[in-house]
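Just below is one structure, and these are the notes that go with it.
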Amino acid sequence: MREITVTQALEEAMIEEMQRDERVIALATTRAPALENKFGDRRVRFTPISEAAFTGIGLGAAGSGFRPVVHWGMVTFSFVAMDQIVNQASKIRYMFGGQADFPVTYRCTTGGGAQIAAQHSQSPYSMFMHLAGLKIILPSTPADAKGLLKSAIRDNNPVVFFECSRLAGVTGPVPDGEHTVPIGVAEVKRAGRDVTVVGLAYYVREALAVAEALAAKGISVEVIDPRTLVPMDAEAIRASVRKTGRLVVVDEAPATCSAASEILALVTEDPDTFRALKAPVQRVCAAPVPVPFSPPLEQAALPDQVRIEAAIRRVLEGAPRPAFARA
Amino acid sequence: MLPGKAELVEMLRKMIMIREFDLLAIELRKQRRIYGALHPYVGEEAVAVGACAALRPTDRITSTHRGHGHCIAKGADINRMMAELFGRVDGYCKGKGGSMHIADFAIGMLGANGIVAGGMPIACGAALAAQLEDRGGVAACFFGDGATGEGEFHETLNIASLWKLPLLFVCENNRYGAGNAVESVRPVTDISLHAPAYGMPGVSVDGNDVLAVRDAACEAVERARRGDGPTLIHCKTFRSLFHAMRDVPPPETRSADLLAEWRGRNRDPVTRLEDFLTGRDIVTTAEVQAIRDTVKRDLEAAVAFAEASPYPDPNDLLVDMFAE
């Protein structure tokens, strides 16, 4: 199978969906020459840096029969559009009694590891998960990125589509032709016996690398990628934990009220899964600080393979530590 | 140009309906028969009715927290509005929205909004949709003087003008942003002056003169349908009653003279249109009375409709969250 980057996969998804449905339009503050050349500047809008306005424009156009794909740039910039996201997009369908659909996709990049410091290294997945009313997608491979973006655009609800910056240039196999991935379905990226590791975005790859290394030492790690955070495929994660009896969640957001916390709650609330646990559950998260600039500080703040392996060993020994702990 | 009799009568009927609907809602709220917060549109009826008179049924609007007038002006069903205030399942939002969140997408009413300026970007999106559809559709957003302090106001004016979107910015300057007089929060009170800064025409009109509002809106609509972009219409009006009430209306803090001036028969938008029409022998006082009687009967029927409607079933709490 051909291999392309996440960025190329996302662009393919945009082109295919704009070809498939003329109601799909794109709004972003940066120009997208490939799209603009194909579809013209009526459907591919280059916008002023006015996030609140174009977030709401996407919503209003969605309520008026179009399927806008709005790119905020970095998730950082979405914070100046919070009224439109929190008060409008996440509530508009339910609050009005379901009388209209709002098929709008909000894309943005997330995550640290690129030495661009606190404001531009955020992973605020859980802030958006908390809102009720937004579907939240967080892919980790080119194939999932393409398939899920296509599903997001076709979905009749507001969808927030997170694109991990560190994965942008990562290559992977993507099927030719029509390829979609259903929203709300997790995937076991590596089957294992002893420990379940749920990774988010970049940390799916890191968990896979640790699993490979530990396999040589006789430890069998199952790696699961939720791919969608809302709706969360809790049953896939629970089923894995019932099999292994141990759970580590790796998330580059700080632990407090994080997606990792939500995953632990969904797993431990379930009686059968709780009874199957052989050790306390464990989070590996970012330090509770704004992500710092200097490489050694940034590396210290974010999860890494050493900490993931340490957490796996701790749950195997039944001795967890706080979610952020230097290995 | 003066519209024909049928249109004038319909404008008068809608203005009387808005007035009586909100006065009745206040009484119902005092009696605890309806719930939550209420923001009466009393005194501002000419803005919604004048602007909506320039629109087609397929044109789209967004409204504000003070939204009952915009609903009625755009043609909403008062039975379903009333049922919503009563929190019943036959309300526009099945009881999930209440007074501040009434919408009727079927008539292009894209929603009242609890956030000042929150509807402006959404209206801008509806205008973008109209531009892309290329069928001569327009959108209008209603907002108050308070919205001009929000970033969404400025962002939306800029983008709408840049993209020449078919959009009417209808500012109802009722002289108060919640408890604050407009001159206490703005150094410049002529809101139309924002228009030239964003490269669009801006006009100030007497917002208590429904025909003046309609004329300005018709001109703006023509310009928008031609593809020449948005217009800012600054309607100078007056919030005749309070900002908001819960169980009881808040105490009035404004001077009796000021209230008497704006509520006077020659300044109140409803009596003003009434007197204009009877003075020109376009309608008789008997016809006006007949309209009032009809409105009263329709509102009694709306309350009966609402009270006959069941409360939503708590088992349906999660319904309408996500579309299939």
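Residues in region A:71-86 that are in a strand (DSSP E or B) and facing chain B (nearest Cβ under 10 Å): none. Number of residues in region A:1-40 that are modelled with pLDDT of 95 or more, in a helix (DSSP H, G or I) and not hydrophobic (A, V, I, L, M, F, W, C): the value is 12. Residues of region B:70-79 include at least one that is of a type in the set (S, T, N, Q), over 23 Å from B:PRO230 (Cβ atoms) and not in a loop (DSSP other than H, G, I, E, B).
Scanning region A:231-277 for residues that are touching a helix residue (DSSP H, G or I) at 6+ places or on another chain (Cβ under 8 Å) and assigned to a loop (DSSP other than H, G, I, E, B) turns up A:MET232, A:GLY245, A:ARG246, A:ALA255, A:CYS257, A:SER258, A:ASP270, A:LEU277. Within the bounds of region A:26-39, is there any residue that is within 14 Å of another protein chain (Cβ to nearest Cβ), of a type outside the set (Val, Ile, Thr) and buried (at least 21 other Cβ atoms within 10 Å of the Cβ)? Yes, that holds for at least one residue. There is no residue in region B:301-324 that is farther than 27 Å from A:ALA100 by Cβ and loosely packed, with under 12 Cβ neighbours inside 10 Å. Scanning region A:130-148 for residues that are closer than 21 Å to A:GLY65 by Cβ and touching a residue at least 60 places away in the same chain (Cβ under 8 Å) turns up A:LEU134, A:LYS135. Only a single criterion out of (1) in a helix (DSSP H, G or I); (2) touching a residue at least 12 places away in the same chain (Cβ under 8 Å); (3) surrounded by fewer than 20 Cβ atoms within 10 Å (Cβ to Cβ) is not satisfied by A:ILE312, namely (3). Suppose the filter is assigned to a strand (DSSP E or B) and either in the same structural domain as A:ILE57 (by TED's automatic domain parsing) or buried (at least 22 other Cβ atoms within 10 Å of the Cβ) (or both); does A:TYR94 pass it? No: the conditions fail for A:TYR94. Checking the condition closer than 30 Å to A:ARG190 by Cα and buried (at least 24 other Cβ atoms within 10 Å of the Cβ), which residue from A:LEU134, A:LEU149 passes? After applying the criteria, what remains is A:LEU149. Could you tell me whether any residue of region B:94-103 is touching a strand residue (DSSP E or B) at 6+ places or on another chain (Cβ under 9 Å), at the interface with chain A (Cβ under 8 Å from one of its Cβ atoms) and surrounded by fewer than 24 Cβ atoms within 10 Å (Cβ to Cβ)? No: zero hits. The sole residue among B:ARG267, B:ARG223 that is more than 22 Å from B:THR148 (Cα to Cα), touching a residue at least 12 places away in the same chain (Cβ under 8 Å) and in contact with a Phe, Trp or Tyr (Cβ under 9 Å, 6 or more places away or on another chain) is B:ARG267. The residue that is farthest from B:ALA195 (Cα to Cα), among those in region B:104-116 that are within 8 Å of chain A (Cβ to nearest Cβ) and not in a strand (DSSP E or B), is B:ALA106. Give me the residue from region B:147-170 that is at the interface with chain A (Cβ under 9 Å from one of its Cβ atoms) and not aliphatic (A, V, I, L, M) and, out of that set, nearest to B:ALA53 (Cα to Cα). Once the filter is applied, the top-ranked residue is B:THR156. The condition (being within 18 Å of A:TYR203 (Cβ to Cβ) and crowded, with 24+ Cβ neighbours inside 10 Å) is satisfied by just one residue among A:VAL306, A:VAL241, A:VAL267: A:VAL241. Within region A:265-273, the presence of at least one residue that is closer than 19 Å to A:TYR125 by Cβ, at pLDDT 95 or above and in contact with a strand residue (DSSP E or B) (Cβ under 8 Å, 6 or more places away or on another chain) is confirmed.
For region A:203-230, a residue qualifies if it is surrounded by fewer than 17 Cβ atoms within 10 Å (Cβ to Cβ), part of a helix (DSSP H, G or I) and either of a type in the set (D, E, K, R) or on the phi > 0 side of the Ramachandran plot (or both), and exactly one does: A:GLU212.
Residues checked against (1) among the basic types (Lys, Arg); (2) away from chain B (no Cβ under 14 Å); (3) buried (at least 20 other Cβ atoms within 10 Å of the Cβ); (4) farther than 30 Å from B:ALA83 by Cα:
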position	(1), (2), (3), (4)
A:GLN88	no, no, yes, no
A:GLN122	no, yes, yes, yes
A:PHE162	no, yes, yes, yes
A:LEU167	no, yes, yes, yes
A:THR171	no, yes, no, yes
A:GLY177	no, yes, no, yes
A:ARG193	yes, yes, no, yes
A:LEU200	no, yes, yes, yes
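When A:SER64 is tested against the conditions (1) surrounded by fewer than 19 Cβ atoms within 10 Å (Cβ to Cβ); (2) in contact with a strand residue (DSSP E or B) (Cβ under 9 Å, 6 or more places away or on another chain); (3) facing chain B (nearest Cβ under 7 Å), the lone failure is (1). On the basis of being closer than 21 Å to B:TYR41 by Cα, over 16 Å from the mean Cα position of the chain (by Cα) and more than 11 Å from every other protein chain (Cβ to nearest Cβ), does B:ALA181 make the cut? Judged against the criteria, B:ALA181 is a match. Any residue at all in region B:68-86 that is of a type in the set (Gly, Ala, Ser), within 10 Å of chain A (Cβ to nearest Cβ) and either within 17 Å of the chain's Cα centre (by Cα) or closer than 21 Å to B:VAL295 by Cβ (or both)? Within region B:68-86 (the criterion being of a type in the set (Gly, Ala, Ser), within 10 Å of chain A (Cβ to nearest Cβ) and either within 17 Å of the chain's Cα centre (by Cα) or closer than 21 Å to B:VAL295 by Cβ (or both)), the answer is no, since none of the residues qualifies. Report whether or not B:GLY137 is within 30 Å of B:VAL295 (Cβ to Cβ), within 11 Å of chain A (Cβ to nearest Cβ), touching a residue at least 60 places away in the same chain (Cβ under 8 Å) and out of contact with any Gly (no Cβ under 7 Å at 6 or more places or on another chain). In short, no.
The values are calculated or read from the model by the stated rules, or taken from the named source; none is laboratory data. Predicted model, so just to flag it, every value in this text is computed and none were measured. Positions of Cβ are backbone-derived with ideal geometry, glycine not excepted, and every protein chain shown enters the neighbour counts.
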